[in-house]
Amino acid sequence: MKRVGRYVALTLGWLLLVAYFTYLRFPYAQVRSLIEPRLATLGIGALSFDGLEATALGGLRLTGVSWTPMGWSPTQAIEVEQVDLAPAYLKLLRRARAVRFDAKLFGGRAHGTAAVTAELRTQVTASLDELDLAQATLPSLPAGASGSVSGKIDLDIGNGVEGSKGAIHLEASDGEIPPINSNGMKIPPSPLKFAKAELDVTVDGPKVDINSLTVKGPDVEGSASGNVTMRGRSIANGPLAADVKFKLPDGSSLKAMEGLIAGFRVKKDAEGYFTLKLAGTLANPSPRL
């Protein structure tokens with residue numbers, strides 16, 4: 001009963017605070033320095049914002065948000081148009097510092113919960129709705145990538161990547177994949193257009209398993225699976241091991257490259273699919289024939 005009473009008191013306190021914001025014109029600018037550090041305790045990185053207002057049911061709306069995820073340089077901050085925050089009451093009952101969020105960014109929406117448990121684990125569950133890759137500013141995203149991305153993220157992050165686990169499922173449509181730099185060469189020489197791409201990933205400590213990656217479009221059809229081992233909090237520079245299978249459909253803008261690919265003795269099966277292995281890193285993959 002004492003625990004229930006405590007959380008009822010916390011909830012009432014939050015509602016009184018919102019009423020104070022809304023009806024007594026609390027000076028928002030003066031409390032910014034108090035709110036930003038509190039948000040930082042959720043373990044999701046550093047947040048700053050330009051505007052602040054109260055919303056229904058004990059929530060806050062932040063506008064002009066700049067978010068720097070943990071481990072990222074301030075120069076890599078993600079600019080977010082608007083974020084609505086509210087207490088995640090069910091997680092609060094489990095003695096976690098928790099918040100529900102609903103953000104407008106990259107022309108789409110990201111919503112879910114972020115919490116820090118009593119064991120100091122950061123838990124993030126999020127849904128992504130129609131994010132525009134062309135508007136995204138992510139250090140691991142190649143310049144020139146485009147398409148609409150939706151999906152789900154469920155991560156449980158411990159003290160460092162060693163204790164982390166989770167799953168990510170993403171779907172992209174109607175976009176382009178820019179060339180990658182491999183040993184000083186652009187592969188392919190021009191962007192690949194795709195109609196649909198789907199990615200399933202699981203995280204177990206520093207190991208990120210690429211369970212499946214499928215791509216289908218006018219330029220290429222293919223799939224890949226493998227793993228990447230993170231170095232620190234970076235995935236782009238971690239060792240890569242992947243098996244890739246692809247073909248260039250009739251009408252592909254890269255169809256003329258089939259002869260060149262065969263010249264490198266890349267295996268080709270009866271259905272016209274080339275197969276190869278990738279090593280190196282995500283940022284600089286290297287084919288193994």
remark   = Leu128 neighbourhood, Cβ < 10 Å, K/R = +1, D/E = -1, net charge -1
task = Mind sorting Arg97, Arg231, Arg265 by how few other Cβ atoms lie within 10 Å of their own Cβ, fewest first?
result = Arg265, Arg231, Arg97
The stretch 123-134 - phi-based ³J(HN,Hα) in whole Hz, Karplus 6.51/-1.76/1.60, Gly and Pro as x = 10, 10, 10, 9, 10, 10, 10, 6, 6, 8, 4, 5
key: Residues Thr75, Thr55, sorted so that the one with the fewest Cβ neighbours within 10 Å comes first   = Thr75, Thr55
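Between Thr75 and Ala167, what is 0.36 nm times their sequence separation minus the Cα-Cα distance? Round to one decimal in nm.
Difference between extended and current length: 30.4 nm.
Could you sort 269-279, 128-138, 200-210 so that the peptide with the highest average Cβ count within 10 Å comes first and the rest follow in order? Walk me through the numbers before you get to the answer.
Numbers: 269-279: 13.4, 128-138: 15.5, 200-210: 17.0.
Ranked by mean Cβ neighbours within 10 Å, highest first: 200-210, 128-138, 269-279.
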Amide H contacts under 5 Å for Asp219, placed H, 5+ residues apart = Lys193
task = Could you pull out which residues in the stretch 108-128 have an amide N less than 19 Å from a spot 7 Å beyond the Cα of Asp50, following the Cα-Cβ vector?
result = 108
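Every read-out reported here was derived from the displayed coordinates using simple, explicitly stated rules and does not represent laboratory data. Here the structure is a predicted model, which is why all the values come from computation and not from measurement. We place every Cβ from the backbone using ideal geometry, glycine too, and count neighbours over all the protein chains shown.
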